[in-house]
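Working notes for the structure below.
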Amino acid sequence: MSILCVTGTSTDVGKTVATAALAACALADGLSVAVCKPAQTGVAVGADGDLSEVQRLAGVVDVVELARYPEPLAPDTAARRAGLPMLERGAVVAAVRALDAAHDLTIVEGAGGLLVRLGAGGFTLADVAADLGAPLLLVAAAGLGTLNHSALTVAAARQSGVGVAGTVIGSWPAEPDLAMRCNIDDLPEVTGVPVVGRIPEGSGRLDRGAFTAAAPGWLDGVAALVGAAALRGASAPVRPSRSGHKRRG
């Protein structure tokens with residue numbers, strides 16, 4: 001079983017599309033996948049949230065949302081303003097562990113950046129990942145500012161005792177500017193974390209067939225995170241799969 005927590009350098013950097021792409025790659029490799037969004041904010045009850053988008057794009061069946069608050073704020077603030085119960089750290093960890101027990105891969109999508117407070121006591125996704133012993137996948141912007149934001153996020157993760165497995169650029173333009181092209185080379189040096197994928201801008205507007213067909217090509221470097229070799233922990237030799245990921249024989 002394997003758990004991967006997806007965080008971002010900030011809000012609106014492409015975490016949900018990256019989560020869907022990861023799920024699509026794992027499903028293509030024949031793995032069972034669940035996605036947990038501990039807190040959804042800024043979406044009314046009954047409306048489609050981030051998990052609906054993951055389902056639409058990747059075809060994931062098993063999704064769990066633990067709390068929803070109507071205002072687009074940090075979850076603890078949104079809960080307080082709405083007079084709704086805050087999430088509890090132990091309940092989030094327990095819910096993810098239950099999903100992990102029944103699936104090959106469980107993806108946990110955070111809210112905003114890594115240190116956004118999710119609930120009671122100000123716990124964050126870094127705390128959840130530490131409790132679960134799960135690595136983070138960092139979704140970053142492409143342009144100016146991303147070196148600093150990414151370095152700060154990786155440093156905060158390490159301070160919490162959490163490893164960062166890789167960085168994915170959440171929206172890579174068809175015509176990247178100079179800063180973006182330089183950032184691809186500089187990010188690994190600045191953060192000590194490899195860039196393992198680039199998701200083309202506008203990918204979230206694709207239909208499921210086009211999205212799932214293209215996703216493995218966006219995340220070639222993330223094979224160790226979603227491939228059977230990483231998930232099953234076997235000691236057999238690794239061989240390439242048809243999707244470009246590696247799986248164990």
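The values are calculated or read from the model by the stated rules, or taken from the named source; none is laboratory data. Keep in mind the model is a prediction, meaning the values are calculated, not measured. Cβ sites come from the backbone with ideal geometry, for glycine too, and all protein chains shown count toward neighbours. The protein model used for the area step is the full one, side chains on, heavy atoms only, and it has no ligands, DNA or RNA in it. Shrake-Rupley method; radii C 1.70, N 1.55, O 1.52, S 1.80 Å.
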Taking every DSSP bridge whose two residues both lie in the chain, the antiparallel percent to the nearest 5 is 10 percent
With the dipole of the chain defined by +1 on each Lys or Arg Cβ and -1 on each Asp or Glu Cβ, the option from ALA157, THR16, ILE3 whose Cα lies farthest towards the positive pole is ILE3
Rounded to the nearest 500, what is the chain's calculated 222 nm mean residue ellipticity when only DSSP H runs of at least 4 contribute -39500 (n - 2.57) each, over all residues?
-> -12000 deg cm²/dmol
So, with a 1.4 angstrom probe, what is the percent of accessible area on the chain that is carbon and sulfur?
-> 52 percent
Going by average Cβ neighbours within 10 Å, how do the peptides 182-189, 19-26, 132-139, 72-79 rank, with the highest at the top?
-> 19-26, 132-139, 72-79, 182-189
Listed residues GLN159, GLN40, GLN55; largest mean-square fluctuation, Gaussian network over the chain with Cα springs below 10 Å, found at GLN159
Cβ-based charge dipole, the range 1-109, positive-most Cα from CYS36, ALA67, ALA98 | ALA67
accessible surface per residue for the chain, probe 1.4 Å, DNA/RNA/ligands not counted, whole Å² -> 43 Å²
